[in-house]
């Protein structure tokens, strides 16, 4: 006789429970990010507009998932700012999409915030080759993750952020475990709360974005969440470190025509000076926006403004007496 839980089962057994046990035994239990999404089944039979609308509907849930993690993100920002404020570094570690997003964020910090590339770094499983193509098996090598991070002489003054949508990537896990043993501040960014990487870090940021539009394609919602979180981590940390004045990019690298025009505009807005006066101050300050701003707001010459900035330990607000 069939049991209530399902045909052919012994009395008292539940079909779903049996399936869960069977899945665990075969090692195939699906992570939340890799389950099928009920809202996008039959995707390949929809019109183009319906496909795009379905993707947009799923993407709309990502900011809400990230917002729920704001307390953890804030803790991570304070940990990063504390590490960098003591002379340490921010080091990202990832594989595949996560690694590429990490490399992108690290690469954008120097021109945006005027910080040395040595202070914000990224490691990607498979190295430089993995930026433009898959390096098969690289993410499965935990020993390589430990070795690559050890080569950077990671220590207690550093902050290490491991990114993995699944939370199980061996390369990232190996690096995080080494970082924690070396006393670094460890942060995990993953879409799976009960994952090894979430447990390995002192701070876990876990935006639960759920099943992807295409089952298992974590470059989509999970990747978008990681990008949003990386924006928050690096930007907020740089604000805490005084690399932003008000909400202006006061340390933007004036390395091309567009950025020089942007720097001049920032200087005008921040000082209230007319364009010719701002341009003259910037020229006398040798393109140092901080020095030029002190000149315009205090009437000091370039040498005195630079001296005031040094005496304030580079703190622009303090140098301006604000």
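Data overview
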| quantity | calculated |
| --- | --- |
| Considering residues of the range 284-315 that are buried (at least 16 other Cβ atoms within 10 Å of the Cβ) and touching a residue at least 40 places away in the same chain (Cβ under 8 Å) only, the residue farthest from residue 85 (Cα to Cα) | 293 |
| Single residue of 82, 145, 88 found to be assigned to a loop (DSSP other than H, G, I, E, B), modelled with pLDDT of 95 or more and over 28 Å from residue 37 (Cβ atoms) | 88 |
| Considering residues of the range 260-288 that are more than 16 Å from residue 298 (Cβ to Cβ) and not in a helix (DSSP H, G or I) only, the residue farthest from the chain's Cα centre (by Cα) | 274 |
| Qualifying position, being over 23 Å from residue 221 (Cα atoms) and modelled with pLDDT under 95, among 117, 111 | 111 |
| Hey, residue 217 within 13 Å of residue 33 (Cβ to Cβ), without any contact (Cβ under 8 Å) to a residue 40 or more places away in the chain and in a loop (DSSP other than H, G, I, E, B) or not | yes |
| Residue among 239, 244, 252 that is over 30 Å from residue 190 (Cα atoms), within 21 Å of the chain's Cα centre (by Cα) and surrounded by fewer than 22 Cβ atoms within 10 Å (Cβ to Cβ) | 252 |
| Which numbered condition residue 135 fails, given (1) surrounded by fewer than 24 Cβ atoms within 10 Å (Cβ to Cβ); (2) closer than 20 Å to residue 75 by Cβ | (2) |
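Table: residues versus (1) farther than 23 Å from residue 177 by Cβ; (2) surrounded by fewer than 19 Cβ atoms within 10 Å (Cβ to Cβ); (3) touching a strand residue (DSSP E or B) at 6+ places or on another chain (Cβ under 6 Å).
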{"site": "42", "(1), (2), (3)": "yes, yes, no"}
{"site": "52", "(1), (2), (3)": "yes, yes, no"}
{"site": "64", "(1), (2), (3)": "yes, yes, no"}
{"site": "72", "(1), (2), (3)": "no, yes, yes"}
{"site": "86", "(1), (2), (3)": "no, yes, no"}
{"site": "125", "(1), (2), (3)": "no, no, no"}
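The values are calculated or read from the model by the stated rules, or taken from the named source; none is laboratory data. The shown structure was predicted, so the numbers you read here are calculated from the model rather than taken from an experiment. Backbone-built Cβ (ideal geometry, glycine too); neighbour counts: all protein chains shown.
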